[in-house]
1. Which of (1) out of contact with any strand residue (DSSP E or B) (no Cβ under 6 Å at 6 or more places or on another chain); (2) modelled with pLDDT of 90 or more; (3) surrounded by 11 or more Cβ atoms within 10 Å (Cβ to Cβ); (4) within 13 Å of Asn6 (Cα to Cα) is the odd one out, the single condition Ser32 does not satisfy?
2. Residue under question is Ser25, and the condition is that it be open to solvent by less than 70 Å² (accessible area, probe 1.4 Å) and over 30 Å from Arg148 (Cβ atoms); does it hold?
3. State yes or no: is Ser108 closer than 30 Å to Glu12 by Cβ, open to solvent by less than 60 Å² (accessible area, probe 1.4 Å) and either at pLDDT below 75 or assigned to a helix (DSSP H, G or I) (or both)?
4. Of the conditions (1) under 23 Å from Gln77 (Cα atoms); (2) open to solvent by less than 50 Å² (accessible area, probe 1.4 Å), Asp44 clears all except one; give me its number.
5. Can you find, within region 3-21, the residue that is surrounded by the fewest Cβ atoms within 10 Å (Cβ to Cβ) among those that are in contact (Cβ under 8 Å) with a residue 60 or more places away in the chain and not in a strand (DSSP E or B)?
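The values are calculated or read from the model by the stated rules, or taken from the named source; none is laboratory data. Given the structure is predicted, the values throughout are model-derived calculations rather than measurements. Here the Cβ positions follow ideal geometry from the backbone for every residue, glycine too, while neighbour counts run over all protein chains shown. The accessibility values were calculated without ligands, DNA or RNA, using every heavy atom of the protein model including side chains. Shrake-Rupley method; radii C 1.70, N 1.55, O 1.52, S 1.80 Å.
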Amino acid sequence: MLRLSNYFNHVEIGGGTSLIYNGASLCIDLASTNDVARWVENNDFSFLSAAEIHHALERGHITENSLDDEFLSFRSQVAGLIDRNQAPSNRHKRGTLYLILTYACNLSCSYCFQSTLNRRSASPRMSAEFADTILSNYLQRLFPGVLRHRQTISCPIV
């Protein structure tokens with residue numbers, strides 16, 4: 001039986017369109033606000049074509065798994081990421097730095113730890129000077145032994 005993923009989030013962006021986001025798969029798509037309302041309010045997917053159901057399953061917005069199975073799958077994904085990143089060989093060693101430029105995220109995911117940080121943050125936005133300091137003075141120390149072309153800096157737009 002199909003159900004909405006426990007990691008599903010949505011934000012109406014206007015013009016009858018909603019941004020849908022899965023916090024586990026990190027997939028972001030656009031959907032009709034009316035369709036999303038049917039998903040959220042009634043767990044109704046009957047109006048979707050087979051191709052649309054397949055796409056929503058692939059992207060993680062809907063699932064056939066139970067809540068427990070979905071959680072176990074997510075834990076397994078996280079454990080795999082941790083295992084791959086804890087002891088990589090020097091040849092494959094990578095480093096990723098995520099810069100969160102603001103706590104003013106409009107997705108409002110119920111499970112997100114950042115919602116509590118916003119209230120406690122004296123400065124809700126990262127300053128350019130702070131980012132400059134991190135990138136110029138500390139990047140090599142953050143990723144010792146990681147070749148420059150294997151370092152990634154991710155800066156999500158929120």
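1. Ser32 satisfies every listed condition except (4).
2. Numbers: open to solvent by less than 70 Å² (accessible area, probe 1.4 Å): yes; over 30 Å from Arg148 (Cβ atoms): no.
Here the answer is no, as Ser25 does not meet what is asked.
3. Numbers: closer than 30 Å to Glu12 by Cβ: yes; open to solvent by less than 60 Å² (accessible area, probe 1.4 Å): no; either at pLDDT below 75 or assigned to a helix (DSSP H, G or I) (or both): yes.
Taking the combined requirement at face value, the residue does not satisfy it.
4. Tallying (1) under 23 Å from Gln77 (Cα atoms); (2) open to solvent by less than 50 Å² (accessible area, probe 1.4 Å), Asp44 fails exactly one: (1).
5. The selected residue is Asn6.
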